[in-house]
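The values are calculated or read from the model by the stated rules, or taken from the named source; none is laboratory data. Source: prediction; values computed, not measured. Cβ atoms come from the backbone with ideal geometry, glycine included; neighbour counts cover every protein chain shown.
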Amino acid sequence: MSTSEQYLASAIALAAEVSEVKLGKPANEIKVALAFENDSFSQDVRAGVIDDINKFGMQIVIDDKLPAELNDMAPILVKVKALKPDILVVSGHAKGALTGIRQVGEMRVDVPILAMTHCDSANVIGKAPEAAEYTLCATQWAPTMSYSDDLFGSAGDFASLYESTYGYAPPYQSAESAAAVMVFADAFGRAGTLDREAVRDAIAATDMETFYGNIKFDETGKNIAKPMALYQVLGGELKVVAPSAFAKTVPVVPRPPMN
């Protein structure tokens, strides 16, 4: 898996990528608003976002914690309407995602880029379809991505095989598990033995492409070769729009003003 600090870093990278053409300003003039739950996962996500904000020289204009009960973002959104950031980034698990989407719609908050975690588990499309439109949503993997390998073929090929075998579409957990087995098999082959230390060293030296994404580990064991992907809600469907090198759909930026 991509680790938690990478969850919404792709949104910052996307904003930087499109800033000149879509937002009419260089990346270092982009203003960012942050709203994160005060739990370990969300704060890890925040740390990764801030790393990328600093990398591109962007400006943080709001950096607030979501309320503990996750049922009212209005005070934060009032600031967003006043300060007019270019991107609003939210992480509050499923309840925070639904609260954010609903109140963005109710308060008619026009922010050019809205990115958050847990769109799918919150079912933001089903529960707040109008407000959810054009939202960027983090995901580990999607069948429409252009990753591929010699065993399963493309991400779409894996998804089709999985669904025909088990009767339902693969969640990313199934895809990552299959990729993990591929990593072990590759390491066993390169090690030429089942000796534990030799296999460990072979895993550490992994550098491969799979239908799930590229895999290469840093010294702490994290996979640094597979970025998080971003869906965008377009026409009531989740379409992968980033990273652009592996996406088939162009993101809509900025979000059109609300009616």
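Got at least one residue in region 108-124 being more than 16 Å from Leu234 (Cβ to Cβ), touching an Asp or Glu at 6+ places or on another chain (Cβ under 7 Å), of a type outside the set (Phe, Trp, Tyr) and in contact (Cβ under 8 Å) with a residue 60 or more places away in the chain?
Step one: list which residues in region 108-124 are more than 16 Å from Leu234 (Cβ to Cβ), which gives 108-111, 117-118, 121-123.
Now narrow it down to the ones that are touching an Asp or Glu at 6+ places or on another chain (Cβ under 7 Å): none.
No, every residue in region 108-124 fails to be more than 16 Å from Leu234 (Cβ to Cβ), touching an Asp or Glu at 6+ places or on another chain (Cβ under 7 Å), of a type outside the set (Phe, Trp, Tyr) and in contact (Cβ under 8 Å) with a residue 60 or more places away in the chain.
Taking the criterion of being of a type outside the set (A, V, I, L, M, F, W, C) and either under 16 Å from Pro243 (Cβ atoms) or modelled with pLDDT under 95 (or both), the residues of region 130-142 that qualify are Glu130, Thr139, Gln140. Restricting attention to region 200-254, the residues being charged (D, E, K, R), surrounded by fewer than 18 Cβ atoms within 10 Å (Cβ to Cβ) and assigned to a loop (DSSP other than H, G, I, E, B) number 4.
One line per residue, one yes/no per condition, for (1) modelled with pLDDT of 95 or more; (2) under 18 Å from the mean Cα position of the chain (by Cα):
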site	(1), (2)
Glu5	no, yes
Ala9	no, yes
Pro26	yes, no
Arg46	yes, yes
Ile50	yes, yes
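Does region 115-136 contain any residue that is surrounded by 16 or more Cβ atoms within 10 Å (Cβ to Cβ), within 26 Å of Ile215 (Cα to Cα) and out of contact with any Leu (no Cβ under 9 Å at 6 or more places or on another chain)? No, region 115-136 contains no residue that is surrounded by 16 or more Cβ atoms within 10 Å (Cβ to Cβ), within 26 Å of Ile215 (Cα to Cα) and out of contact with any Leu (no Cβ under 9 Å at 6 or more places or on another chain). Of all residue pairs spaced 6 or more apart or on separate chains, those with beta-carbon atoms under 7 Å, a first member in region 193-218 that is among the polar types (S, T, N, Q) and a second member that is part of a loop (DSSP other than H, G, I, E, B) and surrounded by 15 or more Cβ atoms within 10 Å (Cβ to Cβ) are Thr210/Tyr147; Asn214/Ala225; Asn214/Lys226.
Number of residues in region 137-157 that are surrounded by fewer than 23 Cβ atoms within 10 Å (Cβ to Cβ) and closer than 16 Å to Ala11 by Cα: the value is 2. The residue that is surrounded by the most Cβ atoms within 10 Å (Cβ to Cβ), among those in region 8-28 that are of a type outside the set (A, V, I, L, M, F, W, C) and under 20 Å from Val252 (Cα atoms), is Ser10.
Say whether the condition of being of a type in the set (Asp, Glu) and over 20 Å from the mean Cα position of the chain (by Cα) is met by at least one residue in region 147-155. Give the steps one after another, and end with the answer.
Step one: list which residues in region 147-155 are of a type in the set (Asp, Glu), which gives 149-150.
From what's left, over 20 Å from the mean Cα position of the chain (by Cα): 149-150.
Scanning region 147-155, I find at least one residue that is of a type in the set (Asp, Glu) and over 20 Å from the mean Cα position of the chain (by Cα), so the answer is yes.
Among the residues of region 45-77, the ones that are out of contact with any strand residue (DSSP E or B) (no Cβ under 9 Å at 6 or more places or on another chain) and buried (at least 17 other Cβ atoms within 10 Å of the Cβ) come to 5 in all. Residues in region 219-258 that are in contact (Cβ under 8 Å) with a residue 12 or more places away in the chain and charged (D, E, K, R): Lys222, Lys226, Glu237, Lys239, Lys248, Arg255.
With the condition kept exactly as written, say whether any residue in region 167-177 is outside the structural domain of Pro129 (by TED's automatic domain parsing) and touching a strand residue (DSSP E or B) at 6+ places or on another chain (Cβ under 7 Å). Working first, answer last.
Within region 167-177, the subset outside the structural domain of Pro129 (by TED's automatic domain parsing) is 167-177.
Retained after the next criterion (residues that are touching a strand residue (DSSP E or B) at 6+ places or on another chain (Cβ under 7 Å)): 172.
Yes, region 167-177 contains at least one residue that is outside the structural domain of Pro129 (by TED's automatic domain parsing) and touching a strand residue (DSSP E or B) at 6+ places or on another chain (Cβ under 7 Å).
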